[in-house]
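Undergrad: I have a structure here, written as structure tokens, and I will follow up with some questions on it.
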Amino acid sequence: MAKSGGSALKRLKSTLKEAKVIGHGSRSSMSKKQKRKGKPKDDKNDTKDKLEFLKNQINPFELRVTKTKHNVLGRKVKGIQGRPGLKRQIGIEKRKQTLLVEMESRNKVGGLIDRRFGENDPTLSLEEKMLERFAREKKQRHSKSSLFNLEDDDLTHYGQSLTLIDDFDEPDLSLNEEVDTGIIDHDTVDKGHFGGFEEDEQNNDESEHKKKSKTEVMKEVIAKSKMHKYERQLVQEEDERVCNELDNDLDEIRNLISLPKSGVVPLPTQEAAFRNKSVSNGSASKKDISDKDDAYDRHVRELALDRRTRPTDRIKSEEEIALEEREKLERLEIARKRRMEGLDPESDDDSVKRKKQKRTSMADDPDYDHISDDDDNNHYNLAYTFPCPTTLAEFLKILQDVEDEEVHVVVHRIRVLHHIKLSVENRVKLEKFFPVLMDYVLHRVQENPVPILLINKLVGHIFDLVQQVPESATDYFVSKIVTMENNLTKRLFSSGLKKSKSMFPTISEFILLRILSQVFPTSDFHHPVVTPAQLLMAQYLAQCPLSNGLDLVSGLLLCNLMHECQVLSKRIIPEALNFLFIALVYLAPQGTFNSMESIPGIFPLSSKFVPTLQIKDTIFVDDANPLDFSQFSSVMNGNGNINVFDNDLFRLSALMATLHLVENFAKMYNCTPASSELFEPASKIIDTYPLDKFSSTIKIKIASIRETLERLQKFSKKSRKPLELQHHRPIPLPTYIPKFQENFSIDKHYDTDREQAKLNKLKAQYKKERKGAIRELRKDSKCIAHHNIRKVKEKDTLYKKRINSIMGILESEQGEKKAYEKAKKYGKI
Amino acid sequence: MKDKCNLADRNDTKFSTLLESLENKSPDVIYDAMYALYRAFVPLLSMGELQKPKKIVDQNAAVMCLRDSYIHYVNKLCLFLNHEEPGLQVPSLNILLDLLKIESIYLTTSSGAYYFSNNHFYRIVEGLIDNENFNEHLQTEFIDKYWNKYDDLRFYFLKNAAKIINLATNSGKPKDRSGPISKKKRTNERLDDNKLNNLMENTFSILENLRSMPTDASEIKDFWIGHPTPEIVNKQTSGNNEEEFKDISDEDGGHDMNDKKSHTKSQDKIPPILQLSSHRRVFSDCWLALLKLPMKQESYKKILLIMHKKIIPHMLQPTMLMDYLTESYNAGGAISLLALNGLFTLIHEHNLDYPDFYKKLYNLFDRNLMHVKYRSRFFRLVDLFLSSTHLPVQLVASFIKRMSRLSLTSPPHGIVILIPLIYNLIRRHPSCMVLIHRPYEIKSRTEDGGHINNISEDPYVFDEPDPMNSNAIASSLWELKTLQNHYLPNVATLAKIFQDKFNKPSYNLEDFLDHTYATLFEAETSKKPKKTPALAFEKPNFVFPVCENINNTEQIDAEYQELRNANIMKGWEIFRF
């Protein structure tokens, strides 16, 4: 459009010329003749339009162009050209319309808000708005009529239905008439209204009436209506009278009904009370009223204070209890299985539920303890309350005069008295009581003979206590086994000093390990108490030297304990098997093994062979007895002769026990793929036994165990297959070729991780929005500032103007005054 | 001269009383007498009064007398080294070494050449190592204060000790060969055994604590008796000078001089005491002499333990140890394991060729291997030996299978060594992958090859001594599958790595070597459980089941009762409570 070069003025001129606003071809340059002739349409508006058009044309000064680098042809890039001025203008305008309006109306309350339908909806035309409004109004009316339909209800006034009272007593508007009679009387309608005139031949006698003139008829009608009105008034008065009578009588009747009969006052409704008060103010004395009021108030108060009975659980039937019990056990069993596999027992869907129920599962239930209450009644001579002991000495003092059979009752009573649910401090008390009870048991088992019946009774209580205070119980057990481990390690390192003393655990340590395995689940994959305990037992079996029969029994006891711990989870304990095989070697009849090399298997075997355990000759022993625990414990507790473990009878028992345990382990590990490797040594050792050293019964027993082992091995060998552990997708070879993207575009995101990409996108969006918001807020504040300044300036100019005018007046007055004085002075006036 | 004579005369009686009091039973008296004599002899010694006189003159009779009492005194002190009371042993050692210093300094200054009074020191060494009461005090005193500090003392000690031991062993042998052994001889023998044992133990306990063996000639710079600087050495011009100075109580005094002479010929400038090679030579000699002695199992193990670090590097010719190590390696058991380290050093650094090394190594994997103390040391080496990728697959497979078999009877800390080792081996030798993954096709192919007839029997032969013939490659590692169900969760988890993808980096075996029951136990108990531990939900009725004999029941119920008891006793049948 405009030529480049030249001053702005020149360019303007040329532009205007081109647009034919000025110069040749412009209206002003035309002669009048031309104007009239040639272009009659060209009038003033035309020029205006032209100027407007020019104004709207893009001014290069208003354009802002971003220079693009590496421009690609044919690609459209947004935002290269911008019109900041225009944009700003638009923004300012918009703010003026919204922000400034809001600011102006700030702190201003009131005003009219047009809430009519569609007032703010520009999409609706006026007609539509009106139509809709009408429809709404209709609807509103309609719905209102149904809700608050006054006509249906019998509203009364002075006991008379409002419908009966006619405000408009004009006869033609009366509603009192029968519907079919209408306002005009029947005859008139029949005869004077539509079609009435056609029936004259039927009613001949009435034809005379027909002859009445119109005026007569009208008079008759008026007279009749007047009569009706009068009658109506009479009826109404009569009704009124009856109504009043009835009202007066009603109070008496009501009094009769509401009179109290047997002291218990049926609760009067509020209305009735109110009415009572209003009606009987004359007759009843004031005292009476106050009495009644009191009764009422009392009643209300009672009602307010009376606690509502809550709905209770109904008493469960036996089946339901059993079912619940079963479900609980099933749930616990599932949790146990999950733990056995090393999974989190509560990661199921219903974990929250389970968690909630788990805590309330057993001993937290206060009723739970009372189940075993039945044998409580036999111990009359016992006290019923005991303090909760905090030390073993205190507890022993309490139990001073108590028989062993009654100790568990004492413990029970202590537990009931200090049940965890009864008081908050009881938890602390029980946390102290638990170690005391454990220490008591461990203290008692050092006696001779070991009071097994007593501890059998107490273990249930220990179990319950552990359920109640699991954390402190865990700490107790862990600290105990840590001490045991430290002792063992210490003794092992100083083994040269005390050779005679057995390294195996003492009786109390045995009992501790046993109780530990009863109160904690032994099948868990990992358990903070059981796992170290197992490790400790294995260490005993692996590292304690096996030098005499006592050690052997200790080891067998430990093996049995460990076997029982693994009944469910069937985990492999190499140490136990090693111990049993070593025992088999040690117990082998004399002359079975001539050299170390001839001993089968790969279990560890120290070169120091202990000949004391060799079976010499047991052909005379018919059958083997089980190992005697009381004998063992008395020797362990230092009260027995160790020689009881030094005869063939004992050795045979030990051998049979060992074989039995081996068989048990073999059955347990039957499923594991290497079970034949595990138990091959055992059957080989038994094979080498010279069976003629045993009596026939023993021979048969050994043979049957051997056969079992053989059978299990055969079975396991048959069922096992070569390992196929690596059924994964093959591991891809690492590639070093750079990865290229076909049709790569810089605008696309090639993030392989969808989630990450999503997140990044969201982040970018957030950033953008934030920036935008900040920018907008800045602009807002700028706009507000401008506005404020402008206002202040306006105010200032206004003020200045006013002051100026005032000053002007004052100056002129002053001037006039001076002029006057001057004139006076010079005597002009 | 006269003065001195008089002085000697005067002191003569005092010396004799003091010397007599050395015979006293009370250690306090001995102690005091010892120091009194020490103070008396020191000035005389530093003036050279007690030296063997050149010419025998009458006036010197007193001097001779003094000299005799001095010799007596020294002998006595050497005996005191053998005393039961450490309070006497330690001061006598100090006094003896001080005397050595004074004497040597006098001789050095008077001759103008470096002189170490070795005859004197020889007796001290003898007193030390041929000693029944060689206790800790004496040992630490000698080692920390003198032996590890002063290069000359160490040098001469090694030299003398080797000599003493060699003498002892040589003297013992001819006796053995001589005809029928009389009772007296037998007691002699026992005495000899005792002596050899003492020599062995004492020398070893000193050698074991050697920390200052020089590795470079420049490190030889600390001397108990002044520095034999080259200037002094240069002054040694003729043999005459040397011969002038004879030791006191000299029988074979020239020994040291002769040595020196021979050295001065070859290396004119540097005396042997300043040469690294001579230090090494005496070191080797001493050790070789020591190793010839009969020794206890414990000392044997200790020697093998320090062999590769403390002995071989300082030997002049480490190959001299070859026979010793080979024999130890063949001994079997823990000795073999320990010998492996020294042997490896010889193979690795000194070009020893050892045939059938891997076969022998394979046979070291015996039933007790995982249970002995030195397993971590052994496995460190095994890891090294098996790190080669050029080993035949059969060999590696045999090792893997054998380890896996052993893991079945191992304690947990043994298993955690074996599993990463096996994992690393399989990673390094992917053809061993069939041991843990043998899909059907591969199996049938091997069956065609005639390797396996029936997979139900493990094709691996454990007792086969040759790893190349054990047929392990046809087997599978069922043992590891079994261990996935080990009672210790750590072990079980570790065993499960064979089921995962084989894309983990190799394990660093060092992380697994030094576990014991104690460390594993501590790891289990030291971490505090985050949540309440799970509890059992079956309430126990008893700790140990007690068989109740119900008397009032009829005989008909006997069967029922038995059944009931069996039920109660389930799992505890082998005991009667």
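The values are calculated or read from the model by the stated rules, or taken from the named source; none is laboratory data. Only a predicted model underlies this, so the values are computations on that prediction, with no experimental measurement involved. FYI the Cβ positions are ideal-geometry reconstructions off the backbone, even for glycines, and counts take in every protein chain you see.
Undergrad: Assess whether A:SER479 counts as being of a type in the set (Gly, Ala, Ser), within 30 Å of A:GLY549 (Cβ to Cβ) and surrounded by fewer than 22 Cβ atoms within 10 Å (Cβ to Cβ).
TA: no
Undergrad: While we're here: On the given criteria, is A:LEU613 crowded, with 21+ Cβ neighbours inside 10 Å and either within 12 Å of another protein chain (Cβ to nearest Cβ) or under 60 Å from the mean Cα position of the chain (by Cα) (or both)?
TA: So A:LEU613 does not fit the description; no.
Undergrad: Which of the following residues is acidic (Asp, Glu) and under 49 Å from the mean Cα position of the chain (by Cα): A:GLU821, A:GLU813, A:GLU755?
TA: A:GLU755
Undergrad: Do you know which of the residues in segment A:559-591 that are without any contact (Cβ under 8 Å) to a residue 60 or more places away in the chain, more than 17 Å from B:HIS371 (Cβ to Cβ) and surrounded by 24 or more Cβ atoms within 10 Å (Cβ to Cβ) is nearest to the other protein chains (Cβ to nearest Cβ)?
TA: Result: A:ARG571.
Undergrad: Of everything in segment A:680-701, what is among the hydroxyl-bearing types (Ser, Thr, Tyr) and either at positive phi or assigned to a helix (DSSP H, G or I) (or both)? Give them in sequence order.
TA: A:SER683, A:THR688, A:SER696, A:THR697
Undergrad: Condition check: out of contact with any His (no Cβ under 6 Å at 6 or more places or on another chain) and modelled with pLDDT of 80 or more. Does B:PHE498 satisfy that?
TA: Yes: the conditions hold for B:PHE498.
Here's the yes/no breakdown for (1) of a type in the set (Val, Ile, Thr); (2) within 7 Å of chain A (Cβ to nearest Cβ); (3) part of a loop (DSSP other than H, G, I, E, B):
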residue: B:GLU479; (1), (2), (3): no, yes, no
residue: B:PHE512; (1), (2), (3): no, no, no
residue: B:ALA518; (1), (2), (3): no, yes, no
residue: B:ALA523; (1), (2), (3): no, no, no
residue: B:LYS528; (1), (2), (3): no, no, yes
residue: B:THR532; (1), (2), (3): yes, yes, yes
residue: B:LEU535; (1), (2), (3): no, yes, yes
residue: B:LYS539; (1), (2), (3): no, yes, yes
residue: B:PHE542; (1), (2), (3): no, yes, yes
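Undergrad: Just one of the numbered conditions (1) touching a residue at least 40 places away in the same chain (Cβ under 8 Å); (2) under 30 Å from A:GLU447 (Cα atoms); (3) not hydrophobic (A, V, I, L, M, F, W, C) is not true of A:ASN641; which one?
TA: With (1) touching a residue at least 40 places away in the same chain (Cβ under 8 Å); (2) under 30 Å from A:GLU447 (Cα atoms); (3) not hydrophobic (A, V, I, L, M, F, W, C) applied to A:ASN641, the lone miss is (1).
Undergrad: Considering only residues that are surrounded by fewer than 19 Cβ atoms within 10 Å (Cβ to Cβ) and facing another protein chain (nearest Cβ under 8 Å), which ones fall in segment A:422-459?
TA: A:LEU453, A:ASN456
Undergrad: Is it the case that segment A:257-277 has a residue that's hydrophobic (A, V, I, L, M, F, W, C), at pLDDT below 85, in a helix (DSSP H, G or I) and surrounded by 12 or more Cβ atoms within 10 Å (Cβ to Cβ)?
TA: yes
Undergrad: Shifting gears a bit: Somewhere in segment B:373-393, is a residue within 14 Å of another protein chain (Cβ to nearest Cβ) and surrounded by 15 or more Cβ atoms within 10 Å (Cβ to Cβ)?
TA: Yes, some residue in segment B:373-393 is within 14 Å of another protein chain (Cβ to nearest Cβ) and surrounded by 15 or more Cβ atoms within 10 Å (Cβ to Cβ).
Undergrad: Moving to a separate point now. Here are some residues: A:GLU677, A:GLU710. Which one is under 60 Å from the mean Cα position of the chain (by Cα) and either away from every other protein chain (no Cβ under 13 Å) or not in a helix (DSSP H, G or I) (or both)?
TA: The match here is A:GLU710.
Undergrad: Looking at this structure, is B:ALA518 more than 29 Å from B:TRP572 (Cα to Cα), hydrophobic (A, V, I, L, M, F, W, C), in contact with a helix residue (DSSP H, G or I) (Cβ under 7 Å, 6 or more places away or on another chain) and surrounded by fewer than 19 Cβ atoms within 10 Å (Cβ to Cβ)?
TA: For B:ALA518, the condition - more than 29 Å from B:TRP572 (Cα to Cα), hydrophobic (A, V, I, L, M, F, W, C), in contact with a helix residue (DSSP H, G or I) (Cβ under 7 Å, 6 or more places away or on another chain) and surrounded by fewer than 19 Cβ atoms within 10 Å (Cβ to Cβ) - is met.
Undergrad: Restricting attention to segment A:72-109, which residues are touching an Asp or Glu at 6+ places or on another chain (Cβ under 7 Å), without any contact (Cβ under 8 Å) to a residue 40 or more places away in the chain and of a type in the set (A, V, I, L, M)?
TA: Selection gives A:LEU86 alone.
Undergrad: Here is a follow-up. Condition first: surrounded by 17 or more Cβ atoms within 10 Å (Cβ to Cβ), free of Cβ contacts under 8 Å to residues at least 40 places away in the same chain, within 20 Å of A:ALA583 (Cα to Cα) and of a type in the set (Ser, Thr, Tyr). Can you find one or more residues in segment A:677-689 that meet it?
TA: Yes: one or more hits.
Undergrad: Test A:LEU513 against the stated conditions and say whether it is in contact (Cβ under 8 Å) with a residue 40 or more places away in the chain, among the hydrophobic types (A, V, I, L, M, F, W, C), more than 7 Å from chain B (Cβ to nearest Cβ) and within 21 Å of B:PHE521 (Cα to Cα).
TA: Criteria met by A:LEU513.
Undergrad: Being at pLDDT 50 or above and under 16 Å from B:LEU207 (Cβ atoms) narrows it down to one residue among B:LYS302, B:LYS269; which is it?
TA: B:LYS302 is the lone residue from the list that is at pLDDT 50 or above and under 16 Å from B:LEU207 (Cβ atoms).
Undergrad: Still on this structure, I have one more. Within segment A:690-708, track down each residue that is touching an Asp or Glu at 6+ places or on another chain (Cβ under 7 Å) and free of Cβ contacts under 8 Å to residues at least 60 places away in the same chain.
TA: The answer is A:ILE705, A:THR708.
Undergrad: Looking at A:ILE414, A:ILE420, A:ILE371, A:ILE455, which is the one that is of a type in the set (Val, Ile, Thr), assigned to a helix (DSSP H, G or I) and at pLDDT below 85?
TA: Among A:ILE414, A:ILE420, A:ILE371, A:ILE455, only A:ILE371 is of a type in the set (Val, Ile, Thr), assigned to a helix (DSSP H, G or I) and at pLDDT below 85.
Undergrad: If A:PHE603 passes every condition in (1) in a loop (DSSP other than H, G, I, E, B); (2) crowded, with 18+ Cβ neighbours inside 10 Å; (3) over 60 Å from the mean Cα position of the chain (by Cα) but one, which one does it miss?
TA: (3)
Undergrad: Also: All but one of (1) surrounded by fewer than 10 Cβ atoms within 10 Å (Cβ to Cβ); (2) in a helix (DSSP H, G or I); (3) over 40 Å from the mean Cα position of the chain (by Cα) hold for A:ARG778, so report the exception by its number.
TA: Unmet for A:ARG778, out of (1) surrounded by fewer than 10 Cβ atoms within 10 Å (Cβ to Cβ); (2) in a helix (DSSP H, G or I); (3) over 40 Å from the mean Cα position of the chain (by Cα): (1).
Undergrad: Taking A:LYS693 and the conditions (1) within 14 Å of another protein chain (Cβ to nearest Cβ); (2) within 30 Å of A:ILE619 (Cβ to Cβ), which numbered condition does it fall short on, given that it satisfies the others?
TA: (1)
Undergrad: Return only the number of the condition from (1) among the basic types (Lys, Arg); (2) buried (at least 21 other Cβ atoms within 10 Å of the Cβ); (3) within 60 Å of the chain's Cα centre (by Cα) that A:LYS667 does not satisfy.
TA: Evaluating A:LYS667 over (1) among the basic types (Lys, Arg); (2) buried (at least 21 other Cβ atoms within 10 Å of the Cβ); (3) within 60 Å of the chain's Cα centre (by Cα) leaves (2) as the failure.
Undergrad: Could we say that A:LYS717 is part of a loop (DSSP other than H, G, I, E, B), within 30 Å of A:ASP687 (Cα to Cα) and within 14 Å of another protein chain (Cβ to nearest Cβ) here?
TA: So A:LYS717 does not fit the description; no.
Undergrad: Of everything in segment A:519-530, what is assigned to a helix (DSSP H, G or I) and either over 22 Å from A:LEU465 (Cβ atoms) or more than 7 Å from every other protein chain (Cβ to nearest Cβ) (or both)? Give them in sequence order.
TA: Answer for segment A:519-530, where residues must be assigned to a helix (DSSP H, G or I) and either over 22 Å from A:LEU465 (Cβ atoms) or more than 7 Å from every other protein chain (Cβ to nearest Cβ) (or both): just A:VAL530.
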